[in-house]
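A.B. asks: Just dropping this structure here.
The values are calculated or read from the model by the stated rules, or taken from the named source; none is laboratory data. Quantities reported herein were computed from a predicted structural model and do not represent experimental measurements. Because the Cβ atoms are built from the backbone with ideal geometry, glycine has one as well, and the counts that use them run over all protein chains shown. Just so you know, the surface numbers come from the protein's heavy atoms only, side chains and all, with ligands and any DNA or RNA stripped out. Shrake-Rupley method; radii C 1.70, N 1.55, O 1.52, S 1.80 Å.
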Amino acid sequence: MSRPIPLRAVETFVVAARALSLTIAARQLGLTTSAVSRRITDLEVELGHDLFQRHNRRIELTPAGACYLASVGEAIDRIHAGSDALRADRGAKVVRLSAVPSFASSWLMPRLARFRQLRPDIDVELETNADLIDFSIGDVHAGLRFGEGGWPGLVCDHLLDVEVAPVCAPDLAPLSRKVTAEALDRFTILSVVPVLGLWDDWFKAVGVGGYKPKRLKTFDNIQVLYEAAAAGMGLALGGTHLIEPYLDAGRLTQPFDAPAVAARSSWYLVYRPRDRNWPPLRALSEALFGEAAAETGPAQLALAH
């Protein structure tokens, strides 16, 4: 028995075949162009046929590709139609929301609890995942992402700004609270790989622009970063909406008398354009944005000691 063809690869092919553009397909699916190309290439390998002829600035279907589109395009349409019909059922108000674990536990969960009290008819199923969710297929309706917005093919609604300031384990806090290159040299600088530039922004804002850490350690997960800092491994940048539980518990402290700095990245609620007016998602969105607006601007890291 041959193994099943991945449905997400078939849907990617259908979107690209109808648009005759990998770039447009990527925008519609919320993927990068390279991811679309890779899926189609993998599908061609599985099928044993070239589906597209690739030119410098365009693609066109091969005879095999045209035949395959005629076979599977309608099936993909029926899958979407059936899914949309079920989601439109007023008795089935389930919103599947994705968020990174750290943001889900520190900011999102208390607000989802309040939303549940206000709208017991809408069930929010939370999926925590450190990776970017692929909206091109699957059952996730919306996600909370940290970045600068503009993810292709998705509506990106700005939710919360973020400020950052250094934090470390209390035992590592220096006697002098003044930020100098010499004071920073005492620490291993801890960072998350996708947002290394945040440190450069902070160095510049507090008057040590161009500072190069003597020791740097990177992580791929913000929660692991904070745990490493709490364990005494070095100095990390703590962001509002995430770091407060560590400060409140005394596991981390702010070692310098220096201002928090606004990050270039923010938190966004993202979803597919076709879901914009879906009532359950609109209700959840309005509740989350109401919670964000109730906060008096970006949450401030407590710098007084």
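A.B. asks: Nearest 500 deg cm²/dmol is fine: what mean residue ellipticity at 222 nm does the chain get from its DSSP H runs of n ≥ 4 alone, each adding -39,500 (n - 2.57), divided by its residue count? Each step should come with its number before you reach the end.
C.D. replies: Details: 10 runs with 116 residues, N = 305.
Using -39500 (n - 2.57) per qualifying helix, the result is -11500 deg cm²/dmol.
A.B. asks: Please give me, ordered by residue number, the GluC sites (Glu not before Pro) of the stretch 239-301 that lie in loop per DSSP and have at most 15 other Cβ atoms within 10 Å. Write out the running numbers ahead of the final one.
C.D. replies: Numbers: sites: E286, E291, E295; in loops: E295.
Of the GluC sites (Glu not before Pro), the ones in loops of the stretch 239-301 whose Cβ has at most 15 other Cβ atoms within 10 Å are E295.
A.B. asks: Moving on to the next point. How much net charge surrounds K214 when only the other residues with a Cβ under 13 Å from the Cβ of K214 are counted, with Lys and Arg +1 and Asp and Glu -1?
C.D. replies: On the way: positive: R186, K212, R215, K217; negative: E182, D185.
Residues close to K214 contribute a combined charge of +2.
A.B. asks: Hey, another quick one. Give me the net charge for the shell around F187: Cβ to Cβ below 15 angstrom, other residues only, Lys and Arg +1, Asp and Glu -1.
C.D. replies: Values: positive: R177, K178, R186, K212, K214, R215, K217; negative: D171, E182, D185.
Its environment carries a net charge of +4.
A.B. asks: If you don't mind, another one. Probe of 1.4 angstrom, ligands and nucleic acids ignored: what's the accessible area per residue over the chain, in square angstrom? Could the numbers behind the result be given before it?
C.D. replies: Working: 15740 Å² over 305 residues.
The answer is 52 Å² per residue.
A.B. asks: Right, another one. For the chain, please report how many Lys pairs fall under 24 Å Cα to Cα, leaving out neighbours fewer than 8 apart on the same chain. Don't skip to the end; give the middle numbers.
C.D. replies: On the way: K178/K204; K178/K212; K178/K214; K178/K217; K204/K212; K204/K214; K204/K217.
Qualifying lysine pairs in the chain: 7.
A.B. asks: I would also like to ask the following. Could you check the simple spin-label distance between D220 and A70, using points 7 Å along Cα→Cβ, in nm with one decimal?
C.D. replies: 4.4
A.B. asks: Name the residues whose placed amide hydrogens come within less than 5 Å of the amide hydrogen of V124, ignoring near sequence neighbours (fewer than 5 apart) on the same chain.
C.D. replies: Correct list: V95.
A.B. asks: What is the percent carbon and sulfur in the accessible area of the chain, measuring with a 1.4 Å probe over the protein chains and ignoring ligands?
C.D. replies: Numbers: 8440 of 15740 Å².
For the chain, the apolar C and S fraction of the accessible surface comes to 54 percent.
A.B. asks: Something else: Which distance in Å, rounded to a whole number, links the C-alpha centroids of the stretch 19-90 and the stretch 200-251?
C.D. replies: With the stretch 19-90 and the stretch 200-251 each reduced to a Cα centre, they are spaced 42 Å.
A.B. asks: In addition: Using all Cα-Cα distances in the chain, what percent lands in each 10 angstrom bin from 0 up to the longest?
C.D. replies: It works out to 6, 23, 25, 21, 16, 8, 2, 0, in whole percents.
A.B. asks: Excluding L159 itself, what net charge comes from residues whose Cβ is under 10 Å from its Cβ, given Lys and Arg +1 and Asp and Glu -1?
C.D. replies: Once all neighbours under 10 Å are counted, the net charge is -2.
A.B. asks: From largest accessible area down, sort R39, R57; use a 1.4 Å probe on the protein chains. Mind dumping the intermediate values first?
C.D. replies: Numbers: R39 40, R57 230 Å².
In descending accessible area the options line up as R57, R39.
A.B. asks: Follow-up. Could you sort D157, D121, D248 by their accessible area in this structure, using a 1.4 Å probe and putting the largest first?
C.D. replies: Working: D157 45, D121 75, D248 135 Å².
So the residues, ranked largest to smallest area, are D248, D121, D157.
A.B. asks: Follow-up. Rounded to the nearest 5, what is the percent of antiparallel bridges among the DSSP beta bridges in the chain?
C.D. replies: Numbers: 21 of 34 bridges.
In the chain, DSSP labels about 60 percent of beta bridges as antiparallel.
A.B. asks: Please identify the DSSP H helices in the chain that span no less than 27 Å along the helix axis (Cα) and have a mean Kyte-Doolittle hydropathy of -0.5 or more.
C.D. replies: Details: long enough: 63-88 (37 Å, 0.29).
Helices meeting the span and hydropathy rule in the chain are 63-88.
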